[in-house]
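What follows is one structure encoded as structure tokens, with my remarks underneath.
The values are calculated or read from the model by the stated rules, or taken from the named source; none is laboratory data. Quick caveat, the model's predicted, so the values are computed rather than measured. Heads up, the Cβs are rebuilt from the backbone with ideal geometry, glycines too, and the neighbour counts pull from every protein chain shown.
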């Protein structure tokens with residue numbers, strides 16, 4: 001299992017603190033229910049963080065142009081036609097994927113193309129599964145233009161526990177489906193806005209896995 005670079009410092013500090021607490025208890029205190037409970041708690045917390053900061057090693061092969069990658073692991077909580085007014089200024093199909101604290105929080109490029117826009121907006125920290133979080137929470141917006149000329153907007157959204165959104169891509173960068181896009185620390189959400197004519201391959205309630213699940217096929221080039 002690979003560990004995401006965003007988690008290495010956190011995991012190192014957690015391991016050192018947990019080891020210090022456990023060593024001190026077992027060396028200076030008598031062994032009883034309390035000491036074993038604290039030991040079990042520190043191990044559980046560390047295992048939880050290992051799971052949270054894992055970086056899945058999944059790579060697409062074969063023809064991927066025209067396909068849309070799930071940009072993160074999680075559950076589809078919204079699938080609807082909306083008017084995207086912050087950048088695209090047109091009607092789109094929005095797919096929202098909610099990440100629980102048990103999902104890997106690595107974010108990935110949904111389509112091959114060129115980055116035409118990257119921005120970050122400050123905002124609130126409502127629960128990420130709420131519909132309003134898409135437009136009112138702190139978020140980063142990334143727009144990718146595909147070789148066929150489709151504008152695909154992907155949005156990283158902070159949640160009630162999330163306090164840090166990391167975005168790796170830059171404007172004018174050429175990117176490929178499944179490349180690293182960023183990371184969101186703790187519970188959060190990703191939205192992706194697609195052309196209305198896209199063939200949607202998922203439904204609300206589906207569990208998806210980044211770099212493993214195609215969520216849509218884009219319209220053929222006109």
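Just checking, how many residues over the stretch 33-52 are modelled with pLDDT under 85 and either within 13 Å of residue 14 (Cα to Cα) or outside any helix (DSSP H, G or I) (or both)?
So the count comes out to 3.
Regarding residue 53, is this residue touching a strand residue (DSSP E or B) at 6+ places or on another chain (Cβ under 7 Å) and either over 30 Å from residue 147 (Cα atoms) or free of Cβ contacts under 8 Å to residues at least 40 places away in the same chain (or both)?
For residue 53, the condition - touching a strand residue (DSSP E or B) at 6+ places or on another chain (Cβ under 7 Å) and either over 30 Å from residue 147 (Cα atoms) or free of Cβ contacts under 8 Å to residues at least 40 places away in the same chain (or both) - is met.
Which condition number in (1) touching a residue at least 12 places away in the same chain (Cβ under 8 Å); (2) more than 31 Å from the chain's Cα centre (by Cα) is the one that residue 20 fails?
Failed condition: (1).
Being over 22 Å from the mean Cα position of the chain (by Cα), surrounded by fewer than 16 Cβ atoms within 10 Å (Cβ to Cβ) and more than 21 Å from residue 212 (Cβ to Cβ) is the requirement here; does residue 9 meet it?
no
Looking for something at pLDDT below 95, within 29 Å of residue 10 (Cβ to Cβ), outside any loop (DSSP other than H, G, I, E, B) and touching a helix residue (DSSP H, G or I) at 6+ places or on another chain (Cβ under 7 Å) - is there at least one such residue anywhere in the stretch 113-134?
yes
When the stretch 56-79 is examined, which residues are found to be at pLDDT below 90, within 16 Å of the chain's Cα centre (by Cα) and under 25 Å from residue 204 (Cα atoms)?
56, 58
Yes or no: the stretch 2-10 includes at least one residue that is at pLDDT 90 or above and part of a strand (DSSP E or B).
no
Condition first: surrounded by fewer than 20 Cβ atoms within 10 Å (Cβ to Cβ) and either in a strand (DSSP E or B) or in contact with a helix residue (DSSP H, G or I) (Cβ under 9 Å, 6 or more places away or on another chain) (or both). Now tell me which residues in the stretch 53-83 satisfy that.
Of everything in the stretch 53-83, those that are surrounded by fewer than 20 Cβ atoms within 10 Å (Cβ to Cβ) and either in a strand (DSSP E or B) or in contact with a helix residue (DSSP H, G or I) (Cβ under 9 Å, 6 or more places away or on another chain) (or both) turn out to be 54, 55, 67, 75, 77, 78, 79, 80, 81, 82, 83.
Give just the number: which of (1) loosely packed, with under 12 Cβ neighbours inside 10 Å; (2) in a helix (DSSP H, G or I) does residue 30 not satisfy?
(2)
Does residue 147 count as more than 11 Å from the chain's Cα centre (by Cα), at pLDDT 90 or above and buried (at least 18 other Cβ atoms within 10 Å of the Cβ)?
Taking the combined requirement at face value, the residue does not satisfy it.
Taking the stretch 88-101 as the search range and keeping residues that are in a loop (DSSP other than H, G, I, E, B) and modelled with pLDDT under 90, which one is surrounded by the most Cβ atoms within 10 Å (Cβ to Cβ)?
100
Residue 40 - would you say it is closer than 29 Å to residue 164 by Cα and crowded, with 16+ Cβ neighbours inside 10 Å?
Taking the combined requirement at face value, the residue does not satisfy it.
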